[in-house]
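First up is the structure itself, then whatever we jot down about it.
What follows draws every value from the coordinates through simple rules; no lab data is involved. This is a predicted model, so every value here is computed, not measured. Positions of Cβ are generated from backbone atoms using ideal geometry, with glycine treated the same way; all protein chains shown enter the neighbour counts.
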Amino acid sequence: MELNTLPVYLITILLLISATVAMAVKWIRVPYSIALVIVGLVIGICGLLPSVRMTPELILLVCLPALLFEASWNLDINQAKENGLAISILATVGVVGSAFIVGVVLNVWGKVSLATALLFGAITSATDPVSVLGIFRRLRINKRLSSILEGESLFNDGTAVALFQLLLFMVLTGTTYSIPETVAKFSVVILGGMLVGAGVGFIATKVIAEFDDHLLELMLTTVVAYGAFLLAEEINTSSVLAVVLAGMVLGNAGGKSSMSRTTRVAVDSFWEYAAFVVSSLLFLLLGLQIQLPLLAKYGSQIGIAIVALLISRFIVVYLLSPWLSSKKVPISAAWRPILFWGALRGSLSMAMALSLPLNFPAREQLVVLTFGVVLFTLLVQGLTVEPLIKMLARKNPDLLSVPSSKRAQLKA
């Protein structure tokens with residue numbers, strides 16, 4: 001049964017399960033999103049629900065714009081500017097470097113064809129640290145470190161999708177581009193999406209300034225989120241970056257100067273709820289997708305893919321660290337392990353893998369490898385990042401943005 005034909009009762013059951021897990025994690029110290037994956041995994045293994053299949057259309061067209069807009073709407077543009085150097089390098093050089101390193105390692109050690117391995121590298125180059133950011137907020141991690149990881153996640157989604165689409169086009173058509181041509185096409189997609197998003201956000205800001213009706217303005221933000229995405233898709237630019245830029249412009253300009261306090265509260269509450277529901281369903285459905293026989297079939301390659309991903313992230317973080325630092329935002333030695341270990345993979349990677357054509361020769365292999373890697377990052381890295389932060393905080397108290405009197409409680 002596909003998700004777009006699910007009866008209302010099954011959607012209600014999924015929401016009920018999500019709500020139950022949300023209540024349970026108030027007493028169990030497990031990140032909510034990871035708990036959802038575990039519950040979904042148990043339900044899927046036991047066959048407690050009808051088969052539910054995630055589709056790329058569901059993730060890319062329905063869920064992703066809501067998640068991106070909510071995050072970018074709340075992103076402080078001043079913080080983004082201060083951390084702009086680190087974010088931009090990680091979201092561009094970091095993404096391309098990670099995809100290349102993963103591709104080469106998987107090709108050499110995993111005996112996967114280079115084209116397929118590079119595609120996998122692009123698929124898994126986008127980070128999705130939702131669970132980690134939740135831990136950051138609870139432990140009150142240094143705001144600049146949190147801003148870097150969140151900003152990288154927002155912007156590298158766009159570059160990862162653009163790189164994936166470019167590589168997929170080259171593989172399917174047999175087209176080869178020189179390095180300058182590849183860089184040019186990649187840049188056009190990225191910059192085009194950013195211009196579309198900034199333009200849509202600017203126009204929406206001017207329109208919203210003419211009204212003081214919270215329902216109308218709430219509707220306009222919804223149009224902006226999905227309209228920017230669809231417009232960028234139509235003209236073959238980065239739809240992900242279009243939503244991010246539209247949300248940033250509207251949230252920092254329109255939301256602060258053009259909206260009344262009542263409207264801002266209403267819009268904040270709506271998008272917070274929308275993102276909560278969407279992310280809840282996505283993480284729960286992720287657990288339901290896992291097929292243990294296929295994971296066992298590709299087990300050795302999944303292991304190599306995980307090692308490749310960790311190697312690539314380690315190289316990106318530690319090799320680029322000298323260039324990530326600035327006078328305002330120094331990347332300390334204590335930050336690097338968190339930037340390395342906190343880079344989880346999630347729904348966007350799954351969406352790219354599932355969007356491969358059904359007749360693509362290595363489709364099953366790429367989908368299973370992606371699911372295996374995502375499962376590892378969520379369950380292993382996601383569950384161990386909090387102990388890592390606490391361990392580092394004992395020797396580096398400035399890692400936490402809390403008064404010294406409360407640090408002892410967080411280190412316990």
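When each of 106, 399, 250 is scored by the number of other beta-carbon atoms lying within 10 Å, the sequence from fewest to most is 399, 106, 250.
For the stretch 346-362, putting each phi into the Karplus relation 6.51 cos²θ - 1.76 cosθ + 1.60 with θ = phi - 60° gives couplings of x, 5, 5, 4, 5, 4, 5, 5, 5, 7, 4, x, 4, 8, 5, x, 9 Hz, in residue order, rounded to whole numbers and with x for Gly and Pro.
Expressed in units of 2.2 N^0.38 Å, where N is the residue count, the Cα radius of gyration of the stretch 264-379 is 1.34.
Dipole check for the chain: with +1 at the C-beta of Lys and Arg, -1 at the C-beta of Asp and Glu, and the Cα centre as origin, the magnitude is about 1740 Debye. Farthest toward the positive end of the dipole of the stretch 54-411, out of 104, 334, 205, is the Cα of 334, where the dipole comes from beta carbon charges about the Cα centre. The amide H of residue 334, built 1.01 Å from its N in the peptide plane, has no neighbour under 5 Å, considering only residues 5 or more places off or on other chains.
Put in order of Cβ neighbour count within 10 Å, fewest first, the listed residues 260, 349 become 260, 349. Pairs from the table (26/143; 26/297; 143/395; 26/390; 81/206) lying more than 28 angstrom apart at Cα are 26/297. Close amide H contacts of residue 141 (hydrogens built in the peptide plane, cut-off under 5 Å, sequence separation of 5 or more or a different chain): 401. The magnitude of the dipole of the stretch 2-112, with charges of +1 and -1 set on the Cβ of Lys/Arg and Asp/Glu and taken from the Cα centre, is near 320 debye. Ordering 124, 359, 319 by Cα displacement along the dipole of the stretch 54-411 toward the positive end leaves 319 in first place; charges were set at the Cβ atoms of Lys, Arg (+1) and Asp, Glu (-1). Quarter the surface of the alpha carbon convex hull of the stretch 54-411 and you get the mean projected area, 18.2 square nanometres. Using the Karplus relation 6.51 cos²θ - 1.76 cosθ + 1.60 with θ = phi - 60°, the per-residue 3J(HN,Hα) values for the stretch 13-20 come to 5, 4, 5, 5, 4, 4, 5, 5 Hz, with x marking Gly and Pro. Under 5 Å from the amide H of residue 53 lie the amide H atoms of 3, each residue being 5 or more positions distant or on a separate chain, with H modelled from the backbone and absent for Pro and chain starts. Of the options 84, 399, 303, report the single residue whose Cα projects farthest towards the positive end of the charge dipole of the chain (beta-carbon charges: Lys, Arg +1; Asp, Glu -1). Result: 399, furthest along the dipole toward the positive end.
Per-residue 3J(HN,Hα) values for the stretch 185-198, derived from phi via the Karplus relation 6.51 cos²θ - 1.76 cosθ + 1.60 with θ = phi - 60°, read 5, 4, 5, 4, 4, 5, 5, x, x, 5, 5, 4, x, 5 Hz in sequence order (x marks Gly and Pro). Remark: 234, 210 ranked as 210, 234, counting other beta-carbon atoms within 10 Å and listing the fewest first.
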